[in-house]
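The values are calculated or read from the model by the stated rules, or taken from the named source; none is laboratory data. Note that this is a predicted model, so its numbers are computed, not measured. Note that each Cβ is placed from the backbone with ideal geometry, even for glycine, and that neighbours are counted across all protein chains shown.
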Amino acid sequence: MLSKQDISDRILVQEHFAKEHLPLDMSEAQVDDYKQRIKALLKEKDACLVAHYYTDAVLQQLADETGGCVSDSLEMARFGNAHPASTLVVAGVKFMGETAKILTPNKRVIMPTIEATCSLDIGCPIDEFSAFCDAHPDHEVVVYANTSAAVKARADWVVTSSIALDVVEYLADQGKKIIWAPDKHLGSYVQRQTGIEMLMWDGACIVHDEFKAKGILDIKKVYPDAAVLVHPESPDSVVEIADAVGSTTQLINAARELPNKQFIVATDNAIFYKMRQAAPGKEFIEAPTGGSGATCRSCAHCPWMAMNGLESVLHALESGQDEIHVDPALITDARKPLQRMLDFSAALNQG
Ligand code: SF4
């Protein structure tokens, strides 16, 4: 039974976080108008909308309503590959558009905004990364999906957060030494879980890097029964206090499967749309990022993902601009480590 103090504390927390999110600056009628025009253009252009879990809820809803897909980067690429549409509209960030193009080079891939990138991708430029790999020629190069086509082409393996542990264990069993790039927190999590030492690149996600263990523990005092869900791109101190650690899809599954009614979530808050669908009636609370004195208590939304909106999707379809082009030679080289991961994943699921 909640005390009056508990209830008032919870209201305060919810009100505080609600202020941080600007509502979509459109009336319901405008939203509806945009959606109808986008739906008509998707049909006219033989296109399919694939959206990441971190994009605005209105885009995720639109992707669902139009027979597209809402998922993580790998499933977005898999879905786009299998879908009969000749054009893919990828609502996400640039490496996702590139991954779709690498796996499906015969299709046109357009993005709502090609400027939308990722701090992990930016923080791993190909020249420096290639020199790092060249300095350690006896190492197998494993890169996270959040990298450019050029970095993927330099790698032996591409992994996502859902398959990283399995791939690293497999390689270590073969006696391989491993270079890991670019996310140092995910790499550190993989090292702790497997006990396998890796040579690590120093990159981080600007969203997950900001979560604070102390802030989460403070919120836990207000919600003592809440489970803490953490994406492993978060710092070690945050991962250590998690009830469940995993990729976006694994966290959505945890929200559905764990018996808790409340969850403190340390990943991009746009994932709440799918978490609420997966676990109706449960309550989701953003993990704080700022210290207690900060004006903004939580900035758990990727600024690049936020560039995707109804206006930019409509503009991309109307103009055909912001098409993703990847050098054919890079496509050939980058597809090898991606395909290796897909084959590995298929074998794991069969086994
Ligand atoms: S949330 Fe982080 S990892 Fe994801 S696209 Fe944004 S910066 Fe990159």
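Which one of Asp183, Asp225, Asp243 is touching a strand residue (DSSP E or B) at 6+ places or on another chain (Cβ under 8 Å), buried (at least 21 other Cβ atoms within 10 Å of the Cβ) and charged (D, E, K, R)?
Values: Asp225 fails: buried (at least 21 other Cβ atoms within 10 Å of the Cβ); Asp243 fails: buried (at least 21 other Cβ atoms within 10 Å of the Cβ).
From the options Asp183, Asp225, Asp243, the qualifying one is Asp183.
What is the residue count in region 64-79 for residues that are under 16 Å from Leu310 (Cα atoms) and crowded, with 24+ Cβ neighbours inside 10 Å?
2
Which one is surrounded by the most Cβ atoms within 10 Å (Cβ to Cβ) among residues in region 126-142 that are of a type in the set (Gly, Ala, Ser) and in a helix (DSSP H, G or I)?
At the first step, the residues of region 126-142 found to be of a type in the set (Gly, Ala, Ser) are 130-131, 135.
Retained after the next criterion (residues that are in a helix (DSSP H, G or I)): 130-131.
Values: Ser130: 15, Ala131: 9.
The selected residue is Ser130.
Pairs under 6 Å by beta carbon, first residue within 15 Å of the ligand (Cβ to nearest atom) in region 75-95, partner small (Gly, Ala, Ser) and assigned to a loop (DSSP other than H, G, I, E, B), six or more apart or different chains?
The qualifying pairs are Val93/Ala116.
Which residue, of Ile110, Ile102, Ile122, Ile38, is in contact with a helix residue (DSSP H, G or I) (Cβ under 8 Å, 6 or more places away or on another chain) and closer than 23 Å to Cys302 by Cα? Talk me through it step by step, then tell me what you get.
Values: Ile102 fails: closer than 23 Å to Cys302 by Cα; Ile122 fails: in contact with a helix residue (DSSP H, G or I) (Cβ under 8 Å, 6 or more places away or on another chain); Ile38 fails: closer than 23 Å to Cys302 by Cα.
Only one candidate passes the filter, namely Ile110.
Out of the residues in region 119-148 meeting the condition of being charged (D, E, K, R) and over 13 Å from Phe95 (Cβ atoms), tell me which one is farthest from the ligand (Cβ to nearest atom). Please lay out each step first, then the result.
Of all residues in region 119-148, those charged (D, E, K, R) come to 121, 127-128, 134, 138, 140.
From what's left, over 13 Å from Phe95 (Cβ atoms): 127-128, 134, 138, 140.
Values: Asp127: 21, Glu128: 18, Asp134: 26, Asp138: 29, Glu140: 23 Å.
The extreme case among them is Asp138.
Considering (1) away from the ligand (no atom under 15 Å from the Cβ); (2) among the β-branched types (Val, Ile, Thr); (3) not assigned by TED's automatic domain parsing to the domain that holds Met341, say which one Thr249 fails and leave the rest.
Status for Thr249: all satisfied but (1).
Can you tell me which of Val230, Val265 is in contact with a Phe, Trp or Tyr (Cβ under 7 Å, 6 or more places away or on another chain) and within 15 Å of the ligand (Cβ to nearest atom)?
Working: Val230 fails: in contact with a Phe, Trp or Tyr (Cβ under 7 Å, 6 or more places away or on another chain).
Answer to the selection: Val265.
Would you point out which residue out of Ala255, Ala278 is within 18 Å of the chain's Cα centre (by Cα), among the small types (Gly, Ala, Ser), surrounded by fewer than 18 Cβ atoms within 10 Å (Cβ to Cβ) and outside the structural domain of Lys94 (by TED's automatic domain parsing)?
On the way: Ala255 fails: surrounded by fewer than 18 Cβ atoms within 10 Å (Cβ to Cβ).
Ala278 is the lone residue from the list that is within 18 Å of the chain's Cα centre (by Cα), among the small types (Gly, Ala, Ser), surrounded by fewer than 18 Cβ atoms within 10 Å (Cβ to Cβ) and outside the structural domain of Lys94 (by TED's automatic domain parsing).
Here is a list of conditions, (1) over 20 Å from Tyr273 (Cα atoms); (2) modelled with pLDDT of 95 or more, and Ala77 meets all of them except one; can you say which number that is?
All conditions are met except number (2).
Looking at region 317-350, which of its residues are more than 16 Å from the ligand (Cβ to nearest atom), part of a loop (DSSP other than H, G, I, E, B) and in contact with a helix residue (DSSP H, G or I) (Cβ under 6 Å, 6 or more places away or on another chain)?
Our first condition is that a residue be more than 16 Å from the ligand (Cβ to nearest atom); within region 317-350, this holds for 317-323, 325-350.
With part of a loop (DSSP other than H, G, I, E, B) added as a condition, the list becomes 320-322, 325-327.
Result: Asp322, Val326.
With (1) under 24 Å from Asp209 (Cβ atoms); (2) more than 17 Å from the chain's Cα centre (by Cα); (3) not acidic (Asp, Glu) as the list, and Val109 as the residue in question, which single condition is left unmet?
Evaluating Val109 over (1) under 24 Å from Asp209 (Cβ atoms); (2) more than 17 Å from the chain's Cα centre (by Cα); (3) not acidic (Asp, Glu) leaves (1) as the failure.
For region 143-176, what are the residues that are more than 18 Å from the chain's Cα centre (by Cα) and part of a strand (DSSP E or B)?
Trp157
Condition check: free of Cβ contacts under 8 Å to residues at least 40 places away in the same chain and within 16 Å of the ligand (Cβ to nearest atom). Does Gly203 satisfy that?
On the way: free of Cβ contacts under 8 Å to residues at least 40 places away in the same chain: no; within 16 Å of the ligand (Cβ to nearest atom): yes.
No; evaluated as a whole, the condition is false for this residue.
Tell me the residue from Ala100, Ala116 that is crowded, with 24+ Cβ neighbours inside 10 Å, within 13 Å of the ligand (Cβ to nearest atom) and either of a type in the set (Gly, Ala, Ser) or over 17 Å from the mean Cα position of the chain (by Cα) (or both), please.
Numbers: Ala100 fails: within 13 Å of the ligand (Cβ to nearest atom).
It is Ala116.
Considering only region 298-316, how many residues are touching a Ser or Thr at 6+ places or on another chain (Cβ under 7 Å), within 17 Å of Thr66 (Cβ to Cβ) and in a helix (DSSP H, G or I)? Let's see the steps before the verdict.
Of all residues in region 298-316, those touching a Ser or Thr at 6+ places or on another chain (Cβ under 7 Å) come to 298-300, 304-305, 307-308, 312.
Applying the additional criterion that residues be within 17 Å of Thr66 (Cβ to Cβ) yields 308, 312.
Still in the list and also in a helix (DSSP H, G or I): 312.
Residues in region 298-316 being touching a Ser or Thr at 6+ places or on another chain (Cβ under 7 Å), within 17 Å of Thr66 (Cβ to Cβ) and in a helix (DSSP H, G or I): 1 in total.
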